[in-house]
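Asker: Below you'll find the structure I mean.
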Amino acid sequence: MKLYIRNMVCIRCKMVVKYELDKLGLHHTRIELGEVEIKEDLSEEQLNDLNVALKSCGLELMDDKKSILVEKIKATVIELVHYTDDMIKINLTDYISQKLNHNYTYLSNLFSEVKGTSIEKYYLELKIERVKELLVYDELNISEIAWKLHYSSVAHLSSQFKKMTGLTPSHFKNLKHIRRNPLSNM
């Protein structure tokens, strides 16, 4: 049985879902961002118990097909920005369309309707949040961050960062109160 989960955006979310499934005695075969496959068919009571447990952790079961598809789009983009070091060989629109096996225009319109922003803007917002994260960690310099996130140049990264945050990357790095957005709020 496949279950779809809203706000499942990181590896810790996967760990929380695994913990809650184990706690309820449910056996999973696969846990991915936004999606879980379990061996059993669940009763209404089990589904309700799982949903209550997930809601206490900021997650939620979904059954609406449009919401599920929007969460799949989000998970695909998050995976691309946060967990894929290789540069994709095709453009973003083709990548998402192929990965989700849907027409990109349909996906884009649906995403915009539900989230109030385009997939491309969401992708850029996630990239900038990733830049902020890497700046705060202070393990990579700005050139290495630009290379890691597949910017064509440091100037391109800096320009996009300033356009979206109002700050230069170096000014952001020197702030005492770092302003980052959790992935679950994006």
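The values are calculated or read from the model by the stated rules, or taken from the named source; none is laboratory data. Computed from a predicted structure; not experimentally measured. Note: areas computed on protein heavy atoms with side chains; ligands, DNA, RNA excluded. Shrake-Rupley method; radii C 1.70, N 1.55, O 1.52, S 1.80 Å.
Asker: Over the chain, average the accessible area per residue using a 1.4 Å probe and give it in Å², no decimals. Numbers along the way, then the final one.
Answerer: On the way: 10760 Å² over 186 residues.
Normalised by residue count, the accessible surface of the chain is 58 Å².
Asker: Express in nm, to one decimal, how much length is gained between Asn174 and Tyr83 on full extension, taking 0.36 nm for each residue of separation and deducting their alpha carbon distance.
Answerer: Values: separation 91, 0.36 × 91 = 32.76 nm, distance 2.63 nm.
Between Asn174 and Tyr83, full extension yields 30.1 nm more.
Asker: Pairs of alpha-carbon atoms within less than 8 angstrom and 6+ residues apart define the contacts here; what relative contact order does the chain have, in percent?
Answerer: Working: 182 pairs, mean separation 32.8, N = 186.
Relative CO of the chain lands at 18 percent.
Asker: Taking only pairs that are 8 or more places apart or on different chains, how many Lys pairs in the range 60-122 have Cα atoms under 14 angstrom apart?
Answerer: Working: Lys66/Lys74; Lys66/Lys115; Lys72/Lys99; Lys72/Lys115; Lys74/Lys99; Lys74/Lys115; Lys74/Lys121; Lys89/Lys99.
For the range 60-122, qualifying lysine pairs total 8.
Asker: Hey, what do the phi angles of the range 159-164 turn into as Karplus ³J(HN,Hα) couplings, whole Hz, using 6.51/-1.76/1.60 and θ = phi - 60°, x for Gly and Pro?
Answerer: Couplings: 5, 5, 4, 5, 4, 8 Hz.
Asker: Aspartates and glutamates within cross-link reach of Lys148: Cα-Cα under 17 Å, excluding same-chain residues under 8 positions apart?
Answerer: Of all the aspartates and glutamates, those that pass the test against Lys148 - Cα under 17 Å, at least 8 places apart if same chain - are Glu79, Asp85, Asp86, Glu125, Glu129, Glu133, Asp138, Glu139.
Asker: Can you put Tyr122, Tyr106, Tyr19 in order of accessible area, largest first, using a 1.4 Å probe? Write down the numbers at each step before the final one.
Answerer: Details: Tyr122 5, Tyr106 105, Tyr19 135 Å².
Solvent-accessible surface, decreasing: Tyr19, Tyr106, Tyr122.
Asker: Figure the gain on full extension for Ser43 and Asn103 (residue separation times 0.36 nm, minus the Cα-Cα span) and round it to one decimal in nm.
Answerer: Stretched out fully, the Ser43 to Asn103 stretch lengthens by 18.2 nm.
Asker: Okay, next question. For Glu60, list long-range residues whose amide hydrogen, built 1.01 Å from N in the peptide plane, is under 5 Å from its own amide hydrogen.
Answerer: Arg6
Asker: In whole Å, how far is the Cα centre of the range 8-30 from that of the range 54-70?
Answerer: 14 Å
Asker: Leaving out ligands, DNA and RNA, and with a 1.4 Å probe, what % of the accessible surface on the range 71-186 is carbon or sulfur?
Answerer: Details: 3310 of 6720 Å².
Accessible surface attributable to carbon and sulfur in the range 71-186 totals 49 percent.
Asker: Could you work out how far helix 119-137 tilts from the main Cα principal axis of the chain, as a 0 to 90 degree angle to the nearest 10?
Answerer: Helix 119-137 and the main axis of the chain meet at about 70 degrees.
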